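What follows is a single structure, written as structure tokens, with notes after it.
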Amino acid sequence: MTVQQTLILLKPDAVERQLIGRILSRFEQKGLKIINLRLFRFTQELARQHYAEHVGKPFYSGLEEYIMSGLVVAAILEGPEAVAVVRRLIGPTNGIEAPPGTIRGDFSLSNQQNLIHASDSTVSAEREINIFFPTI
């Protein structure tokens, strides 16, 4: 198995609902390591950099407004096949459709305010880690 690093973002709804510890513990219980952690607020520039592929799409302004609405936690997770493991743990984007036992299935009832972002590939993980942790 390949040891990988991946990025997660606990979005403003997760922070506001005080779910940071509960969500992070799910990854630790699975055996992933938290390599780095950061609490911050998105700027418009950072939102446009992170969501570059969505800029100009009809839903983008709402996405930008939401991600800038409160504090966010960024974390680098590391472990065997971390990208795929994290994606399985968080569940499908829409919390209503996400199965129980996944983070979104247990804590979310929304498609947009869905608590968490996770890199979808090793290429995305590398790009996103460099955005949020540029000195690593």
**Q.** Local electrostatic count, residue 74, Cβ distance below 10 Å [Lys/Arg +1, Asp/Glu -1]
**A.** 0
**Q.** For region 2-57 versus region 60-136, the gap between their alpha-carbon centres in whole angstrom
**A.** 6
Q: Determine the sum of side-chain charges near residue 86: Lys and Arg each +1, Asp and Glu each -1, restricted to other residues whose C-beta is under 13 angstrom from that of residue 86.
A: +1
Q: Please state the charge dipole magnitude for the chain, taken about the Cα centre, from unit charges on C-beta atoms (+1 on K and R, -1 on D and E), reported in debye and rounded to the nearest 20.
A: 240
Q) Which whole-number percent is the relative contact order of region 3-132 (Cα, under 8 Å, 6+ apart)? A) 38
Q.
Can you compute the radius of gyration and Dmax for the chain, using only the Cα atoms, both in Å?
A. 14.0, 40
Q) In nm, what is the difference between 0.36 nm times the number of residues separating residue 40 and residue 57 and their Cα-Cα distance? A) 3.6 nm
Q.
For region 68-122, place one equal point scatterer on every Cα, skip the solvent, and apply the Debye formula. What is log10 of I(q)/I(0) at q = 0.15 Å⁻¹?
A. -0.44
Q: For a footprinting-style exposure proxy, rank 68, 1 by other Cβ within 10 Å, fewest first.
A: 1, 68
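FYI, it's all coordinate maths here, none of it is from the lab. Keep in mind that this is a model prediction, so the values were computed, not measured. Glycine gets a Cβ as well: all are built from the backbone with ideal geometry, and neighbour counts include every protein chain shown.
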